[in-house]
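Some notes on the structure that comes next.
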Amino acid sequence: MSSDPTSASSDAPNAAMPLVTHWIGGDPTEGSPAAFGDVFDPATGEVTKRVAYASPGDVDAAVDAATVAFRAWSQVSLTKRTNVLFRFRELLNARADELAAIITSEHGKVLSDARGEVARGLEVVEFACGAPNLLKGQFSEEVSSHVDVHSIRQPLGVVAIISPFNFPCMVPCWFFPIAIAAGNAVILKPSEKDPSAANWLARLWAEAGLPAGVFNVVHGDKVAVDRLLEHPGVKAVSFVGSTPIARYVYETATAAGKRVQALGGAKNHMVVLPDADLDQAADAAINAGFGSAGERCMAISALVAVEPIADQLIAKITDRIGGLEVGDGRAGADMGPLVTRAHRDKVASYLDAGVDEGATLAVDGRKHAVTGSEAGFWLGPTLFDHVTPDMAIYTDEIFGPVLSVLRVGSYDDALALLNANPYGNGCAIFTNDGAAARRFEREVEVGMVGVNVAIPVPVAYYSFGGWKSSLFGDTHAHGLEGVHFFTRGKVVTSRWFDADAGVDLQFPRNQ
Ligand code: NAD
């Protein structure tokens with residue numbers, strides 16, 4: 001078995017190793033892979049499957065299948081489309097545990113967390129079940145003599161979704177239920193690190209009665225992504241991943257004339273004011289800093305303690321870290337492994353970097369006890385104190401279980417720190433002062449704000465998205481913004497002649 005957790009090679013998998021194939025036109029297909037990648041069980045470190053990386057020709061086949069399917073699906077009545085959505089919702093709800101187990105086996109997050117991500121994905125499916133209401137246009141009668149105006153929203157065609165490793169169910173679900181309900185056909189390119197959830201979802205769609213070709217999955221890396229970005233048959237791209245790739249995807253796909261929303265990385269701050277309940281703040285910092293091993297785009301990685309409470313808060317957090325069980329997510333641990341060995345090693349390298357730059361390593365995650373296979377990709381919760389804004393542990397998105405405490409003297413200092421950060425995904429303030437909280441929500445330059453809520457992921461009927469380097473494009477995910485992203489508006493002005501209008505060369509005016 002390979003020991004390189006990020007290996008991609010042209011070696012075909014051997015017969016004993018399961019292969020994750022694409023799902024094109026309603027069928028699993030191996031296509032003509034450009035390469036193959038290893039899929040790991042992060043808790044054991046073993047390769048459990050291989051995944052076929054799509055060649056440009058495989059992507060073209062998916063676009064062809066989706067284009068044909070779109071023509072028919074976009075003509076299916078809203079009632080029939082919604083019926084499929086409802087069946088998909090029922091199946092996903094009934095079999096959520098099956099999907100959660102797949103996620104844990106490839107991502108490593110603990111089962112309760114995997115169930116949580118399925119539940120948040122399901123929320124968007126339920127939102128999309130309201131498509132008849134969401135897609136309603138407007139009608140104005142007699143805007144001019146004998147003239148009525150109405151608006152409609154129509155699907156775009158074939159849309160691509162390119163998703164990251166950290167939420168193999170929830171992130172694709174931010175987009176595809178709405179895209180499909182609106183009459184589009186979808187090609188999902190999930191992360192190559194945990195590809196199986198996408199295929200499971202494709203089978204579920206088929207079971208729900210979605211016509212073949214409306215939902216397709218292509219696996220792979222940059223080769224597959226680039227072909228999706230340049231293919232003239234793809235009309236829109238929803239991307240979620242790290243900021244450099246989000247920027248690249250946005251620039252490339254908009255240059256190719258596509259509609260794009262590209263959600264990028266994050267550095268989420270949690271401000272604790274001196275009047276806050278410090279036990280509640282410590283619990284929240286632990287949950288938001290170390291849940292899913294810090295591999296959440298809304299994880300808190302910068303804890304901004306407004307003095308004089310930093311010492312007390314750190315003591316409470318340190319105490320709680322000691323009680324966390326790190327181990328196999330299937331066996332009741334609080335925190336699982338990181339997704340790959342390469343990622344684990346990269347995150348661990350920041351522990352030395354932080355010390356070298358002068359931060360205090362208050363809790364060293366490398367020393368945390370682990371209940372699990374020695375070969376797993378483990379790193380325990382880490383806490384840095386006396387972090388300053390120039391340190392790499394602050395400026396970089398580490399995307400692991402590393403919480404950095406920055407001590408500041410006032411609310412204004414805290415706000416200035418947040419607003420100077422290039423990212424603007426999520427943030428939180430902990431306080432019992434309503435006026436301070438209200439000021440914060442108005443003044444902070446971040447897309448999603450929590451008041452005594454550390455992970456303020458909006459419900460499905462609001463929209464998810466950050467500001468600044470955390471999102472490229474104008475439209476956030478799901479909610480009404482999602483409906484707008486996956487449809488284009490048309491306004492019809494109509495007149496039914498019951499009087500002689502005559503010839504008139506003036507620009508049309510309302511009369
Ligand atoms: P990533 O950017 O490495 O990969 C995301 C997707 O892009 C994957 O499908 C991957 O195959 C593809 N990809 C990777 N390299 C590429 C390249 N050079 N060219 C084209 N495509 C490429 O991200 P990841 O490591 O899978 O996920 C973690 C990142 O995602 C973090 O930065 C996290 O903050 C971010 N994220 C953001 C949000 C959000 O809502 N803003 C949500 C989840 C994750």
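Since every read-out is calculated from the coordinates, none of them should be taken as a lab result. Since the structure is predicted, the reported quantities are computational estimates derived from the model, not experimental observations. Using ideal geometry, Cβ is built from the backbone for each residue, glycine included, and neighbour counts are taken over all protein chains shown.
Size of the range 60-134 along its principal axes in angstrom, Cα-based, largest extent first?
Rounded to whole Å, the extents work out to 42, 34, 18 Å.
Using Cα pairs under 8 angstrom and six or more residues apart, how large is the relative contact order of the range 268-451, in percent?
Relative CO of the range 268-451 lands at 28 percent.
Nearest-5 percent of antiparallel DSSP beta bridges in the range 268-451?
Among the beta bridges of the range 268-451, antiparallel pairing accounts for roughly 10 percent.
Among Leu471, Leu78, Leu278, which comes first, second and so on when ranked by fewest other beta-carbon atoms within 10 Å?
Leu78, Leu278, Leu471
Pull out the extension gain between Phe507 and Val147, defined as 0.36 nm times the separation in residues minus the alpha carbon to alpha carbon distance; nm, one decimal.
128.1 nm
List the aspartates and glutamates whose alpha-carbon lies under 16 Å from that of Lys136, not counting same-chain residues fewer than 8 positions away?
Glu481
How many nm is it between the label spots at Glu357 and Arg495, if each spot is 7 Å from the Cα in line with the beta carbon?
6.7
Sorted by mean Cβ packing within 10 Å, highest first, what order do the peptides 331-342, 211-222 take?
211-222, 331-342
Pull out the extension gain between Arg488 and Val459, defined as 0.36 nm times the separation in residues minus the alpha carbon to alpha carbon distance; nm, one decimal.
The Arg488-Val459 span can extend by a further 8.1 nm.
Between Leu480 and Arg87, with labels modelled 7 Å along Cα→Cβ, what's the label distance in nm to one decimal, could you check?
For the pair Leu480/Arg87, the computed spacing is 3.2 nm.
Going by alpha carbons, how many degrees (0 to 90, nearest 10) lie between the helix axis of 111-128 and the longest principal axis of the chain?
For helix 111-128, the angle is close to 20 degrees.
Work out the length of the dipole vector of the range 60-206 about its Cα centre, built from +1 on the beta-carbon of each Lys and Arg and -1 on the beta-carbon of each Asp and Glu, and round it to the nearest 20 debye.
Using Cβ point charges on Lys, Arg, Asp and Glu, the range 60-206 gives about 200 debye.
Compactness ratio of the chain: Cα Rg over 2.2 N^0.38 Å, N = residue count?
Ratio of Cα Rg to 2.2 N^0.38 Å: 1.05.
Which order do the peptides 305-311, 287-293 come out in when sorted by mean C-beta neighbours inside 10 angstrom, highest first?
Peptide ranking by packing, descending: 287-293, 305-311.
What is the Cα centroid distance between the range 161-202 and the range 222-272, reported in whole angstrom?
Between the Cα centres of the range 161-202 and the range 222-272 lies a distance of 14 Å.
List the relative contact order of the chain as a percent without decimals, with contacts defined as Cα pairs under 8 Å and 6+ residues apart.
18
Specify the angular offset, from 0 to 90 degrees and rounded to the nearest 10, of the alpha carbon long axis of helix 78-94 from the longest principal axis of the alpha carbons in the chain.
Taking Cα atoms only, the helix is inclined about 20 degrees.
Find which of Leu229, Leu204, Asn184 sits farthest along the positive direction of the dipole of the chain, computed with +1 on the beta-carbon of Lys and Arg, -1 on that of Asp and Glu, about the Cα centre.
Asn184
Between Glu441 and Met17, what is the spin-label point distance in nm, taking each point 7 Å from the Cα along the Cα→C-beta axis?
Result for the modelled spin labels: 5.1 nm.
Averaging sequence separations of C-alpha pairs under 8 Å and six or more residues apart, then dividing by the length of the range 213-340, give the relative contact order as a whole percent.
In percent, rounded to a whole number, it is 18.
If the cut-off is a Cα-Cα distance under 15 Å, which aspartates and glutamates reach Lys49, setting aside same-chain residues fewer than 8 apart in sequence?
Output for Lys49: Asp4, Asp11, Glu30, Asp38, Asp41, Glu106, Glu192, Asp194.
Given the Cα-Cα distance of Gln138 and Glu307 and 0.36 nm per residue of separation, how much length would full extension add, in nm?
55.5 nm
Please work out the Cα center distance from the range 53-114 to the range 440-497, rounded to the nearest Å.
23
Give me the dipole magnitude in Debye, nearest 20, for the range 268-451 about the Cα centre, with unit charges on the beta carbon: positive for Lys and Arg, negative for Asp and Glu.
460
Please enumerate, by chain and number, the lysines with C-alpha under 26 Å from the C-alpha of Lys316, excluding those fewer than 8 residues away in the same chain.
By straight Cα distance, Lys316 reaches Lys109, Lys267, Lys367.
What residue among Phe464, Ser32, Ser373 has its Cα farthest toward the positive end of the dipole of the chain, where the charges are +1 on Lys, Arg and -1 on Asp, Glu, each on the Cβ?
Ser32
If you average the alpha carbon positions of the range 117-139 and of the range 316-348, how far apart do those two centres end up, in angstrom?
Centre-to-centre (Cα) distance: 35 Å.
How many percent of DSSP beta bridges within the chain run antiparallel, rounded to 5?
Restricted to the chain, the bridges split so that about 45 percent are antiparallel.
As I understand it, the value is the acute angle between the Cα axis of helix 434-443 and the longest principal axis of the Cα atoms of the chain; what does it come to in degrees, rounded to 10?
Between the helix axis and the principal axis of the chain, the angle is about 60 degrees.
Using just the helices of the chain, give the 222 nm mean residue ellipticity in deg cm²/dmol: DSSP H runs with n ≥ 4 each add -39,500 (n - 2.57), and the total is spread over all residues, rounded to 500.
Using -39500 (n - 2.57) per qualifying helix, the result is -11500 deg cm²/dmol.
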